[in-house]
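The values are calculated or read from the model by the stated rules, or taken from the named source; none is laboratory data. Since the model is a prediction, treat every value here as computed from it, not as a measurement. Because the Cβ atoms are built from the backbone with ideal geometry, glycine has one as well, and the counts that use them run over all protein chains shown. All accessible areas refer to the heavy atoms of the entire protein, side chains included, with ligands and DNA or RNA removed. Shrake-Rupley method; radii C 1.70, N 1.55, O 1.52, S 1.80 Å.
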Amino acid sequence: MSMAWRRHWLRRASLTLLWVLLLLVATITANVVGIHLAGGIEGWQQWLDDHSGHFLAWRLLLYAGTTWGWCWMRRRVLAREGETGTHRRLRTAEIAAVIAIAALEISQFVQGG
């Protein structure tokens with residue numbers, strides 16, 4: 001592996017980690033502010049339950065945007081690396097993603113949220 005490739009990979013991994021940490025901090029901050037504004041954890045939970053339909057719509061929009069981005073990326077990858085192995089790896093990732101999203105959404109439905 002070349003040193004430039006390692007630096008590139010390290011930079012991308014660092015940026016990804018930074019985004020994950022920023023999203024985590026934003027989520028925690030939103031919950032703390034929400035609990036404060038709702039007057040407590042019970043009020044916050046009630047507000048979340050009352051607006052679960054809006055959150056479902058938001059998740060569906062995120063899934064649609066992610067799907068569009070995946071299709072765009074998939075076309076580019078297959079055009080660049082039209083090998084059978086690449087197609088198989090992409091298909092495996094797609095199946096895993098659909099199963100993970102379905103499991104998350106089904107668990108929300110089963111829990112009554």
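Here Arg91 meets the list (1) open to solvent by 80 Å² or more (accessible area, probe 1.4 Å); (2) over 21 Å from the mean Cα position of the chain (by Cα); (3) among the charged types (D, E, K, R) almost entirely, failing just condition (2).
So that you can scan it fast, the table gives a plain yes or no per residue for (1) at pLDDT 90 or above; (2) among the basic types (Lys, Arg):
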position	(1), (2)
Trp44	yes, no
Trp47	yes, no
His54	yes, no
Thr67	yes, no
Arg76	yes, yes
Leu90	yes, no
Val110	no, no
Gly113	no, no
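The one condition from (1) open to solvent by less than 80 Å² (accessible area, probe 1.4 Å); (2) over 26 Å from Gly112 (Cβ atoms); (3) of a type in the set (Ser, Thr, Tyr) that Tyr63 does not meet is (2). Only one of the listed residues (Trp70, Trp47, Trp5) is out of contact with any helix residue (DSSP H, G or I) (no Cβ under 7 Å at 6 or more places or on another chain), without any contact (Cβ under 8 Å) to a residue 24 or more places away in the chain and open to solvent by 80 Å² or more (accessible area, probe 1.4 Å). That residue is Trp5.
Comparison of Ser107, Ser52 shows that the only residue that is open to solvent by less than 70 Å² (accessible area, probe 1.4 Å) and touching a residue at least 12 places away in the same chain (Cβ under 8 Å) is Ser52.
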